[in-house]
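Report on one structure; see the data block that follows.
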Amino acid sequence: MLCRVNLELEGYRVLEAETVETAQSFLRDEAVDVVLLDVHIGAGSGFTLLPAIRSERVALFTGSIEVDAEQRSQVDAVLTKPFTLTELSNTVGQLARA
């Protein structure tokens, strides 16, 4: 929620998905420029969504596992938890401009 609120205060439109299925629906039905993807989405894995979102810029959130080189190569940025709101803002801004 803190990420969403801060990004909205910066003028971004934010869609939140609590499950892999909801995320897939957003990716199919909404215009999405940047995806902030947590390794864990509900009971699912964020990694299962990577093939569907390669046309967008992707930042991966992780706090519970190490991201290996292959996984890192599939995303544009990695934010290791805990991260600061400044790091979040800077990452989203860079990806949105790319």
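Values as computed for the structure displayed
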| quantity | calculated |
| --- | --- |
| Near pairs, Cβ below 7 angstrom, 6+ apart or cross-chain, from segment 67-84 (of a type in the set (D, E, K, R)) to any residue that is surrounded by 12 or more Cβ atoms within 10 Å (Cβ to Cβ) and part of a strand (DSSP E or B) | Arg72/Val78; Asp76/Arg57; Asp76/Val58; Asp76/Ala59; Lys81/Phe61; Lys81/Thr62 |
| Residues satisfying the stated conditions in segment 6-41, i.e. touching a residue at least 60 places away in the same chain (Cβ under 8 Å) and either part of a helix (DSSP H, G or I) or within 14 Å of the chain's Cα centre (by Cα) (or both) | Asn6, Leu7, Tyr12, Asp33, Val34 |
| Only one of Leu95, Leu60, Leu85 that is modelled with pLDDT of 90 or more, within 11 Å of the chain's Cα centre (by Cα) and of a type outside the set (Ser, Thr, Tyr) | Leu95 |
| Of the criteria (1) out of contact with any Asp or Glu (no Cβ under 9 Å at 6 or more places or on another chain); (2) surrounded by fewer than 17 Cβ atoms within 10 Å (Cβ to Cβ); (3) closer than 20 Å to Glu10 by Cα; (4) not aromatic (Phe, Trp, Tyr), which one Leu36 fails | (2) |
| Pairs with Cβ under 6 Å, 6+ apart, first in segment 42-62 and in contact (Cβ under 8 Å) with a residue 24 or more places away in the chain and in a loop (DSSP other than H, G, I, E, B), second buried (at least 19 other Cβ atoms within 10 Å of the Cβ) and among the hydrophobic types (A, V, I, L, M, F, W, C) | Ile53/Val35; Glu56/Val35 |
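The values are calculated or read from the model by the stated rules, or taken from the named source; none is laboratory data. Only a predicted model underlies this, so the values are computations on that prediction, with no experimental measurement involved. FYI the Cβ positions are ideal-geometry reconstructions off the backbone, even for glycines, and counts take in every protein chain you see.
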